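Following: one structure in structure tokens, then a few remarks.
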Amino acid sequence: MEGLPAMDPWIAERAERIAARAVRELEALVAVSSPSGDVHGAEEAVAVAAALLPDEARIERLACSSPDHAPDLLARLEGTGSGRVLLLGHLDTVIAHHEHRPLERRGERLAGSGTIDMKGGVVLALGVLRALAEDPGAYGELALLLVVDEEWRTAPFAHVERFRGYDACLCFEAGEVDTHGRDAVVVERKAAGTIRVRAHGRSAHSGSAPDRGINALLAVAAAAQAVAGCHDPSGPDSLTAVPTVLRSGDAFNVVPAAGELVCDVRARDAAAFDRVLAVLPQTVGEARVEAELVRVWPGMASWEPTAPVLEAATAALGRPVVGARRGGASDASHFAAAIPVTIDGLGPRGGGAHAPQEFVLEPSLRSRAEVALATARAVLG
């Protein structure tokens with residue numbers, strides 16, 4: 001870019017080394033099917049990640065935020081400098097074992113389950129940790145936290161206080177470029193919530209005595225319409241309210257006595273979720289309706305504290321690194337209140353998250369390694 005210096009040779013050389021190993025490392029991680037909640041799969045994925053750590057790393061296993069899960073992985077490096085940086089990622093996926101797909105090359109696309117969300121990001125985080133470990137005088141402590149329950153967690157996040165006061169949290173969810181083709185990192189995310197609605201009715205034969213029943217399916221259907229009516233992505237809170245799961249009925253000839261609805265809600269401010277709950281009816285016909293917010297993840301807005309870091313990263317990289325906002329939830333949001341310099345979206349570029357066509361763009365493994373290294377160096381000075 002005109003007016004910017006050439007890329008720092010330290011970044012160029014180490015990004016090349018990260019990229020040279022990245023495809024093999026991604027193949028190894030993606031070969032492990034690790035859906036959230038599967039202890040064996042999580043342990044296998046942790047073992048692969050641990051084998052790729054720097055030799056000097058001290059490994060701890062931390063109790064997971066979610067019960068009945070494998071412990072999370074924490075790797076720590078102590079240096080002789082002063083800066084403390086947390087690298088963050090997750091090893092679990094939403095893909096069930098029977099749908100799992102190993103890594104497959106399709107031109108520039110490296111397709112497979114969990115590639116972009118977020119085993120590709122884990123590969124880059126491991127590479128950045130190895131690169132930084134070579135200069136212990138540049139940091140006081142480096143930590144890599146890989147959790148195994150990010151995709152389905154409803155319990156409170158357990159790890160924030162341990163890292164409060166760190167100089168930065170760098171999270172490796174998928175990367176992106178902006179509309180001008182500039183490398184972008186995520187510094188703003190919406191709050192995310194999950195609403196569960198349960199309806200209680202009465203069963204009856206749907207042919208001979210339908211009016212003796214109380215139809216819970218109609219109640220949860222009405223609740224779904226009420227939630228969808230709150231959807232206002234262009235409004236002041238950028239609220240999205242999307243019914244996602246509906247369960248009701250056991251047989252084709254029985255009035256459903258129970259029903260359950262799950263909805264995904266996202267907004268700039270989690271207070272908007274209360275307004276969605278407020279529009280839900282307490283009864284539909286004679287069916288009783290109960291609604292609760294079973295999961296709330298905070299939003300993050302780190303524009304101001306991260307601006308100097310992105311400016312320094314731009315200078316070191318020789319091309320712009322800009323902040324961006326994203327609607328999806330991330331563990332980075334949990335840390336943002338305790339670590340003001342929280343930057344997400346440092347992983348590779350790709351697409352198809354949570355779907356069979358999920359992929360990472362192979363060239364982005366190097367370009368995004370450059371961005372991540374430049375950002376980490378900017379934090380550490």
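Every read-out reported here was derived from the displayed coordinates using simple, explicitly stated rules and does not represent laboratory data. Predicted model only: the values in this text are computed from it and were never measured. When we count neighbours, we look across all protein chains shown, and the Cβ atoms used for this are built from the backbone with ideal geometry, even at glycine.
What is the Cα radius of gyration of the chain over 2.2 N^0.38 Å, N being its residue count?
Normalised Rg, Cα atoms only: 1.09.
Cβ under 10 Å from Gly79's Cβ, Gly79 left aside: what net charge do those residues give with Lys, Arg +1 and Asp, Glu -1?
-3
Using Cβ contacts closer than 10 Å as the measure, can you line up Val242, Val160 from fewest to most? List each step's numbers first, then the result.
Details: Val242 13, Val160 16.
So the ranking, lowest neighbour count to highest, is Val242, Val160.
To the nearest Å, what is the center-to-center distance of the stretch 151-222 and the stretch 225-248, using C-alpha atoms only?
Using only Cα atoms, the two centres lie 11 Å from each other.
Toward the positive end of the charge dipole of the chain, about the Cα centre and with charges on Cβ (Lys, Arg +1; Asp, Glu -1), which of Thr283, Ala301, Ala376 goes farthest?
So the residue we want is Thr283.
Stokes-Einstein D for the stretch 191-294 at 4 °C, 1.567 mPa s, Kirkwood Rh over Cα pairs, in µm²/s? Before the final figure, lay out each step's value.
Working: Rh = 14.0 Å.
Answer from the Stokes-Einstein relation: 93 µm²/s.
Determine the calculated [θ] at 222 nm for the chain from helices alone, applying -39500 (n - 2.57) to every DSSP H run no shorter than 4 residues and normalising by the residue count; nearest 500 deg cm²/dmol.
Values: 9 runs with 113 residues, N = 381.
It lands at -9500 deg cm²/dmol.
With +1 on the Cβ of every Lys and Arg and -1 on the Cβ of every Asp and Glu, and nothing else charged, how large is the dipole of the chain about its Cα centre, in debye rounded to the nearest 20?
Values: 37 positive and 51 negative charges, 104 e Å.
With Lys and Arg at +1 and Asp and Glu at -1, about 500 debye.
Quick check on packing: order 115-128, 168-181 by the mean number of other C-beta atoms within 10 Å, highest mean leading.
Averaged packing, sorted descending, gives the order 115-128, 168-181.
What is the sum of charges around Gly89, taking Lys and Arg as +1, Asp and Glu as -1, for the other residues whose C-beta is under 10 Å from the C-beta of Gly89?
-2
If eta is 0.890 mPa s and T is 25 °C, what Stokes-Einstein diffusion coefficient results for the stretch 271-310, Kirkwood Rh from Cα pairs, in µm²/s?
After rounding, the answer is 181 µm²/s.
Over the stretch 73-122, how many percent of alpha carbon pairs lie in each 10 Å bin up to the one with the longest distance?
The percentages, shortest bin first, are 20, 37, 23, 16, 4.
Would you tally the net charge around Ile195, using a Cβ to Cβ cut-off of less than 14 Å, leaving Ile195 out, and scoring K and R as +1, D and E as -1?
Charge balance in the 14 Å sphere: 0.
For the chain, with the dipole built from +1 on Lys and Arg beta-carbon atoms and -1 on Asp and Glu ones, taken about the Cα centre, which of Ser34, Ala209, Gly249 lies farthest toward the positive end?
Towards the positive end, the residue furthest out is Ala209.
Over the Cα atoms of the stretch 1-145, Rg to Rh with Kirkwood Rh, two decimal places?
That ratio is 1.01, to two decimals.
Tabulate in residue order the Karplus-calculated ³J(HN,Hα) for the stretch 288-296, using 6.51 cos²θ - 1.76 cosθ + 1.60 with θ = phi - 60°, rounded to whole Hz; enter x for Gly and Pro.
Result, ordered by residue: 8, 10, 10, 10, 8, 8, 8, 8, 9 Hz.
Would you kindly derive the ³J(HN,Hα) couplings of the stretch 82-95 from the backbone phi angles with the Karplus curve 6.51 cos²θ - 1.76 cosθ + 1.60 (θ = phi - 60°), listing them in order in whole Hz, with x for Gly and Pro?
Here the 3J(HN,Hα) series is 10, x, 10, 10, 9, 9, 9, x, 9, 9, 7, 10, 9, 8 Hz.
Among DSSP beta bridges whose residues both lie in the chain, state the antiparallel percentage, nearest 5.
75 percent
Once the Cα atoms of helix 303-317 and of the chain are each reduced to a long axis, what angle between those two axes, in degrees from 0 to 90 to the nearest 10, is obtained?
Compared with the principal axis, the helix lies near 40 degrees.
Report the one residue of Ala15, Ala329, Ser238 whose Cα lies farthest in the direction of the positive end of the charge dipole of the chain (charges on C-beta: Lys and Arg +1, Asp and Glu -1; origin at the Cα centre).
The residue sitting most towards the positive pole is Ser238.
Enter the Cα centre distance for the pair the stretch 57-77 and the stretch 327-353, rounded to the nearest angstrom.
19 Å
Quick one: Karplus J couplings for the stretch 108-124, per residue in order, coefficients 6.51, -1.76, 1.60, θ = phi - 60°, nearest Hz, x for Gly and Pro?
Using θ = phi - 60°, the values come out as 7, 8, 9, 9, x, 5, x, 4, 8, 10, 9, 5, x, x, 4, 4, 5 Hz.
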